[in-house]
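Following: one structure in structure tokens, then a few remarks.
The values are calculated or read from the model by the stated rules, or taken from the named source; none is laboratory data. Nothing here was measured: the structure is a model prediction, and the numbers come from that model. Ideal geometry is used to build each Cβ from the backbone, glycine not excepted, and the neighbour counts take in all protein chains shown. Just so you know, the surface numbers come from the protein's heavy atoms only, side chains and all, with ligands and any DNA or RNA stripped out. Shrake-Rupley method; radii C 1.70, N 1.55, O 1.52, S 1.80 Å.
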Amino acid sequence: MTVEKPDILLVGNTKPVIVGGLEPISTLHRLIEAPDPERFLVEIAPRVRGIAVAYTANKIDGAFLQRFPELEIVSSFGVGYDHIDAGWAGRHGIVVTNTPEVLDEEVADTALGLLLCTARELPQAERHLRAGKWVERPYPLSKATLRDRTVGLVGMGRIGRAIARRLDAFGVPVVYHTRRPVAEVPYRHYPNLLDMARDVDVLLAIVPGGETTRNMIDADVLKALGPNGILINMARGSVVDEAALIEALKSRTILSAGLDVFAKEPRVPDELIAMDHVVLFPHLGSASAQTRAAMDQLVVDNLASWFAGKGPLTPVPETPWPPAQ
Ligand code: NAP
Ligand code: 8YV
């Protein structure tokens, strides 16, 4: 007896782990290689039962999903899934999966790196050396130190906790803001972000993107953070009002910022690039070969498990799973 392989659409780059994992278990359709994508989609849509999304830059909304009448599952790369309308999918019986946990430690490492770079001006000091300026004069003392700072984490989920553990080891006090307090952590919870911003010297954002967090770090929060304050954004560009941030940096309402994410990636505002008191990373929180491969593998494993009849491994909260009886 031959078992028919499911048709799976790959949206985004043809990454080796994803293609290598899906080809043996499916009839794989690569959108990126279609000379006429629209015609290609019209032709395959009636057969597609699964979609693999290779990057969080690929927007998947209800209008796109409803083109596939037999669609059962969308397996997305990345723990953040604000690029997918998971609510629409959930309401239409389509499972959505993401890639949590396998990236927690990597992203937490990057967050600490960005925080240290920003507080101690490490990239600026390196630029000073490379420009041959050290022979003329030492790099100036950094205006900030981590030694006298409390970090306010905006978000205390899987990655937030991994960041907090590192800050514990660094001897840096931690407090946090979320909608609900987390019973398992020893840190002070602030139900109100503005109150926390007033009390800390660093705000470090590690919440999901999307409508509930849009611009939650705005001009008022930055003002409350104050002239000694540092903002670190590891979350999504949408979480910070970027125009308000640029204004706060220009007027020295806050001291500096370290940003891994931006409102319109990969475009970064010229005003930020021109500033020497900010540190800018090109969204590389999880970007090691090893961690990205583990995330790609989880994209494959979710689809393999689903089409083997074993359910999704890491469904997002909007996916009703296990389904109601
Ligand atoms: P998670 O385990 O789901 O944790 C999310 C945290 O955010 C929870 O503590 C949650 O608490 C809080 N939160 C959610 N909505 C909130 C709101 N409206 N106000 C205040 N707090 C809110 O997620 P995770 O795995 O830690 O990942 C977090 C996010 O980090 C991802 O969604 C992604 O956007 C970002 N990320 C970035 C990179 C990078 O490369 N820069 C890499 C990975 C992840 P409550 O629900 O109680 O509010
Ligand atoms: C992604 C991320 O790798 O997992 C997430 O939510 O932000 C990163 O780990 C990044 O979005 C690239 O697509």
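When 52, 63, 86 are screened for being more than 23 Å from the chain's Cα centre (by Cα) and of a type in the set (A, V, I, L, M), only 63 passes. Residues in segment 38-83 that are in a helix (DSSP H, G or I) and open to solvent by 60 Å² or more (accessible area, probe 1.4 Å): 38, 39, 42, 43, 46, 47, 63. Of the strands (runs of 3 or more DSSP E) entirely within segment 125-221, those holding at least 2 residues that are in contact with a His (Cβ under 9 Å, 6 or more places away or on another chain) and closer than 20 Å to residue 235 by Cβ occupy 151-154, 174-177, 188-190. Scanning segment 268-325 for residues that are more than 30 Å from residue 114 (Cβ to Cβ) and among the hydroxyl-bearing types (Ser, Thr, Tyr) turns up 305, 319. Let me confirm something: among 259, 245, which residue is crowded, with 22+ Cβ neighbours inside 10 Å and more than 15 Å from ligand 1 (Cβ to nearest atom)? Residue meeting the stated conditions: 245.
Residue-by-condition table, conditions (1) within 26 Å of the chain's Cα centre (by Cα); (2) open to solvent by 50 Å² or more (accessible area, probe 1.4 Å); (3) more than 16 Å from ligand 1 (Cβ to nearest atom):
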| position | (1), (2), (3) |
| --- | --- |
| 108 | yes, no, no |
| 112 | yes, no, no |
| 118 | yes, no, no |
| 126 | no, yes, yes |
| 130 | no, yes, yes |
| 133 | no, yes, yes |
| 136 | no, yes, yes |
| 140 | no, yes, yes |
| 144 | no, no, yes |
